[in-house]
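Student: Okay, handing you the structure first.
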Amino acid sequence: MKKLKNYKALQLSGHLLEPYKGYTQAQFLRDLLAGLIVGVVALPLAIAFAIASGVSPEKGLYTAIIGGFIISAFGGSRVQIGGPTGAFIVIVYGIVQESGVSGLIIATFIAGILLIAMGVAKLGSVIKYIPHPLVVGFTTGIAVIIFSSQLKDFFGLQVAQVPADFFGKWEAYAGSFHTISLPATALAAGTILIMLFFPRITRAVPGSLVAIVVTTLAVHLLDLRVETIGSRFGNIPSTFPAPSFPHIDWQTIRNTIQPAVAIALLGGIESLLSAVVADGMTGGNHKSNKELIAQGAANVTSALFGGIPATGAIARTATNIKSGGRTPVAGIVHALTLLVIMLVAGQWATLIPMSCLAGILVIVAYNMSEMDTFIHIARGPRGDAAVLLTTFLLTVAFDLIIAIEVGMVLATFLFMRSMIQISDVSLLLKGRQDNGAATHASVPAGVEIFELNGPLFFGAAYKFKDSIRLVEKKPKVLIVKMQKVPIIDATGLQTIKDLVRTCYRDNIRLVVSGLQPQVYDTLKKSRLLFRIGKRYIVPDLPAALVLAERVLEEEG
């Protein structure tokens, strides 16, 4: 037993050390530089995402530090950078409004447990199959919501309470637009211009950081009367909190389980999408289930320290790769960089104007919107466009949870419709060719041949039933050709059972030809092969015709 434990410990350490095989001092220096750059890039985003989510700015820093460290150290991607992202703003803001910060912590904790369970159950590959129009639909919807949520700070509007719903926000903005602050608007516009044009000068320093420095200096040198982080939230703690967890009761769990599922699903999708993008940039190959487990652990730990949901961040991961990061060391350095900044210079962050953060989030929203992809899908096949627009509109008008649920159901029904359209049942006539082969010999009198094409599932089973009913005269032998049937479900099995029963009642000999291995195993497990008779299961149509002639002779 002791040897087994030692072997497992060595195996675990081998998995953890795998990214560092052949690690060199030169790569360490590249990872170190990349981690420092990404840490500086993540600083304003962590604060902005927290504020936009309805929580205090330090909670974004806690999440970026804890989540970033765990996702990099234990995740399935060598270059993934984790932390708070814009995709969670809508969900987190809604939870805080409904259940408070304690409800958010519980929802994040539950989401972490769900992500770990998904990874253990090896569902990482399944999440990859979420329809692309659905992902683009809710991502663009989130971008629109983020943009609309920042207009108050962007223009410095005097709105006592911004409504949570999308249309209520715009109504409130329209009613208070006369309170616009020109200094705040100028700072926000300047932030956007700096972020757009500064990369043309150099990419060594992130434009968002330059914008923060410039606008903060402008506020204090010009004595501009605008709202800052400090005037709204007070001081940012320069110490790390002790882990704690709020009291949980059954009512709180009931209120937070649905958004927790949405956090887990969205976190899984975004983290694996980020890992796939990273693979394309580095030529690597991430481990999806390991990544989900690390994402879950990051969210559980973030909740214990009062943080918000964390996931893989596509933009920061891309920045890491472009800066030379190739191992988890870069992500760990990024988290440590943020920790040092918070502990040493946290008080300086209170001087940042809110309008600057609004400008940063407007750029984030624009980058999230994927307008080119959105327009391309909207102009494509009607089914994809329907899923895209439905998900987008529901995300904006209602909430992300409803959008994902309805979008998935709609995508599923449209997929079923496509499968039904390609499924076909036809009566093979005498002399008809089969798969380009030579013309069959004449079908003997008293023999009918039906060919099934496509999956025989509950959506297409009715076609088979209707076709069988069209047989005017009951044949002595009925051949069912199933060479082009890749799968069969419970309804399809029931349809075959009904056919076996009908043939037995009407004294018709049923012969089945061309079963694919998966369909054969399914019929075997359901004992339908026994009821049909193994003698009457043949590999192809010529063999079925030979058997049909033999049956006719025996019964003649």
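Student: Mind checking whether some residue in segment 313-329 is closer than 30 Å to residue 26 by Cα, in contact with a Pro (Cβ under 6 Å, 6 or more places away or on another chain) and modelled with pLDDT of 90 or more?
Tutor: yes
Student: Let me ask another. Residues that are assigned by TED's automatic domain parsing to the domain that holds residue 115 and within 25 Å of the chain's Cα centre (by Cα): does segment 334-342 have at least one?
Tutor: Looking for residues that are assigned by TED's automatic domain parsing to the domain that holds residue 115 and within 25 Å of the chain's Cα centre (by Cα), one finds at least one in segment 334-342, hence yes.
Student: Residue under question is residue 333, and the condition is that it be closer than 23 Å to residue 152 by Cα and either touching a Gly at 6+ places or on another chain (Cβ under 7 Å) or not in a helix (DSSP H, G or I) (or both); does it hold?
Tutor: Here the answer is no, as residue 333 does not meet what is asked.
Student: All but one of (1) farther than 30 Å from residue 226 by Cα; (2) surrounded by fewer than 18 Cβ atoms within 10 Å (Cβ to Cβ) hold for residue 159; state the number of the condition that does not hold.
Tutor: Residue 159 satisfies all of (1) farther than 30 Å from residue 226 by Cα; (2) surrounded by fewer than 18 Cβ atoms within 10 Å (Cβ to Cβ) except (1).
Student: Now a separate question. Output the number of residues of segment 338-363 satisfying the condition of being not hydrophobic (A, V, I, L, M, F, W, C) and not in a helix (DSSP H, G or I).
Tutor: Residues meeting the conditions: 1.
Student: Follow-up question, since we're still on this one. If a residue must be of a type in the set (A, V, I, L, M) and either farther than 24 Å from residue 220 by Cα or not assigned by TED's automatic domain parsing to the domain that holds residue 36 (or both), how many such residues does segment 174-195 contain?
Tutor: Selection size over segment 174-195: 1.
Student: Looking at residue 285, is it without any contact (Cβ under 8 Å) to a residue 40 or more places away in the chain and over 14 Å from residue 68 (Cβ atoms)?
Tutor: yes
Student: Under 8 Å between Cβ atoms, at least 6 apart or on separate chains: pull out the pairs that start in segment 110-124 with a residue that is closer than 16 Å to residue 92 by Cβ and end on any residue that is outside any helix (DSSP H, G or I).
Tutor: Once the first residue is closer than 16 Å to residue 92 by Cβ and sits in segment 110-124, its partners that are outside any helix (DSSP H, G or I) give 111/309.
Student: Being in contact with a helix residue (DSSP H, G or I) (Cβ under 8 Å, 6 or more places away or on another chain) and surrounded by 22 or more Cβ atoms within 10 Å (Cβ to Cβ) is true for just one of 477, 500. Which residue is that?
Tutor: 477
Student: Taking the options 216, 139, name whichever one is touching a Cys at 6+ places or on another chain (Cβ under 9 Å) and either assigned by TED's automatic domain parsing to the domain that holds residue 268 or at pLDDT below 90 (or both).
Tutor: On inspection, the qualifying residue turns out to be 216.
Student: What's the number of the condition residue 507 fails, among (1) buried (at least 17 other Cβ atoms within 10 Å of the Cβ); (2) at pLDDT 85 or above; (3) assigned to a loop (DSSP other than H, G, I, E, B); (4) not basic (Lys, Arg)?
Tutor: Result: residue 507 fails condition (1) only.
Student: Out of 211, 218, I need the residue that is surrounded by 14 or more Cβ atoms within 10 Å (Cβ to Cβ), over 32 Å from the mean Cα position of the chain (by Cα) and part of a helix (DSSP H, G or I). Which one?
Tutor: Going through 211, 218 in turn, just one is surrounded by 14 or more Cβ atoms within 10 Å (Cβ to Cβ), over 32 Å from the mean Cα position of the chain (by Cα) and part of a helix (DSSP H, G or I): 218.
Student: Right, another one. Hey, does segment 242-253 have a residue that's touching a residue at least 24 places away in the same chain (Cβ under 8 Å), buried (at least 21 other Cβ atoms within 10 Å of the Cβ) and assigned by TED's automatic domain parsing to the domain that holds residue 65?
Tutor: So far as segment 242-253 goes, no, none of its residues is touching a residue at least 24 places away in the same chain (Cβ under 8 Å), buried (at least 21 other Cβ atoms within 10 Å of the Cβ) and assigned by TED's automatic domain parsing to the domain that holds residue 65.
Student: Checking the structure you have, find out if any residue of segment 247-268 is of a type in the set (Gly, Ala, Ser) and over 31 Å from the mean Cα position of the chain (by Cα).
Tutor: No; the residues of segment 247-268 include none that is of a type in the set (Gly, Ala, Ser) and over 31 Å from the mean Cα position of the chain (by Cα).
The values are calculated or read from the model by the stated rules, or taken from the named source; none is laboratory data. Every value quoted in this text rests on a predicted model; they were computed, and no experiment measured them. All Cβ positions, even for glycine, are placed from backbone atoms using ideal geometry, and neighbour counts span all protein chains on display.
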